[in-house]
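Report on one structure; see the data block that follows.
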Amino acid sequence: MNVIALSLVATAILFVLFLLVYRTNKTSLLSGFTFGAFLFAMISTYAIIVITYPESPFLLYPLIALFGLALIVPLFGIYILIAFLLHNARTVFRKEGRSLSNSLTLIAAIGIIVLLLVSWAMSSQSLPMWLQALWAGVLSIVTIYTFVVFVFLTTSALCSIAHPRKDKDYIIVLGSGLIDGRVTPLLAGRIRRAIQFARKQEKITGKLPVLVMSGGQGADEPLPESEAMVAFALAAGYDAEHLIAETKSTNTAENMALSKAIMDTRSPQGYRAIFSTSSYHVMRAGIYARRAGLKIDGIGAPTAWYYLPNALLREFIALLVMRKKRFVAVVIAVFLLTAITYGLPYYLLQMLEAAT
């Protein structure tokens, strides 16, 4: 079997593996990892074909473009990213106001700048080996978690573009807070997305799903979110008999658990459901759904382009908090392994020289 055939087989195996993982658990980071591995294998196979058949120039042009991109990213990518993050922070501040939750892209940009400055300072001076070893550990952690960010973004994108079957009995609509007792634009998007799916399903199958509006009453809210959500859906023309308000939940985990309790009570014989939220929130909401015992997919309402980077950073931080023990263990292991590997040969050599 020649190299091209082997590459095609490897690509096909990775694609099948991705499909299996994706169908089993879309919210798993393994889903994004296997998809990335499949894309890498596909591009590698394409490059092998171009090299094997150089007489076909049309095959060569896309490869040249990819090669140029591969040069630009390591040379200028970090500076392009910093400029983008700073511009995005300015846009978010102008449109959404200044707050800590709206400052994540700014904080990320400052963090990258500090990292570059410290790296430059460390490389421009002769420092003790122990300090170099510690810094190597820090850089290893940054490298590992940069990779994790890309896997997270891929997984999040795959979750947000899922197309559930039009056979649902329930759609859980996740709350996101009220302003002066009124549905916010963000929350309105989630409700409209659920209604859009429900109307399409009704048109195709004749079956209108029940919308479970999920959200309790905050300390600064005059009524439960879910009741305001029901009123919004009624004003949009949705059938009142197909609306339920879950009024006790205070976070996404409770949204899923308490909505499941309602659906279990109403349909003890079993049911099919999905949830509706913002596009950037589908992955994490899906994790909470599985923790509550709901093996369901989500549909995402569009998010304003300028707010998406900030929202995704917030979701990534929330994911780290959800799995903090695992991520802390990775940080400690990577740091110690890198620092020891980097510094140990030097100190062994020093001991050997001293002994002789």
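The values are calculated or read from the model by the stated rules, or taken from the named source; none is laboratory data. Given the structure is predicted, the values throughout are model-derived calculations rather than measurements. For neighbour counting, all protein chains shown are included, and Cβ atoms are generated from backbone atoms with ideal geometry for every residue, glycine included. The accessibility values were calculated without ligands, DNA or RNA, using every heavy atom of the protein model including side chains. Shrake-Rupley method; radii C 1.70, N 1.55, O 1.52, S 1.80 Å.
Here are the numbers:
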quantity	calculated
First in the range 106-128 and outside any helix (DSSP H, G or I), second anywhere and at pLDDT 80 or above, Cβ under 9 Å, 6 or more apart	127/135
Considering residues of the range 82-98 that are under 18 Å from residue 111 (Cβ atoms) and β-branched (Val, Ile, Thr) only, the residue modelled with the highest pLDDT	82
Selection from the range 75-96 of residues that are of a type outside the set (Asp, Glu) and open to solvent by 70 Å² or more (accessible area, probe 1.4 Å)	75, 76, 79, 80, 81, 84, 86, 87, 90, 94, 95
Cβ pairs under 6 Å, 6+ apart, first in the range 200-227 and among the acidic types (Asp, Glu), second assigned to a strand (DSSP E or B)	221/178; 225/178; 227/245
Out of 116, 139, 100, sole residue that is open to solvent by 30 Å² or more (accessible area, probe 1.4 Å), more than 22 Å from residue 330 (Cβ to Cβ) and touching a helix residue (DSSP H, G or I) at 6+ places or on another chain (Cβ under 8 Å)	116
Conditions (1) open to solvent by less than 90 Å² (accessible area, probe 1.4 Å); (2) at pLDDT below 85: number failed by residue 21	(2)
Any pair with Cβ under 9 angstrom, 6 or more apart, that starts in the range 12-37 at a residue that is on the phi < 0 side of the Ramachandran plot and ends at one that is open to solvent by 40 Å² or more (accessible area, probe 1.4 Å) and not in a helix (DSSP H, G or I)	25/295; 26/297
Any hit, the range 321-337, residues being open to solvent by less than 20 Å² (accessible area, probe 1.4 Å) and either within 14 Å of residue 27 (Cβ to Cβ) or modelled with pLDDT under 95 (or both)	no
Near pairs, Cβ below 7 angstrom, 6+ apart or cross-chain, from the range 242-265 (among the small types (Gly, Ala, Ser)) to any residue that is assigned to a helix (DSSP H, G or I)	245/226; 245/227; 245/230; 249/255; 249/258; 253/288; 253/291
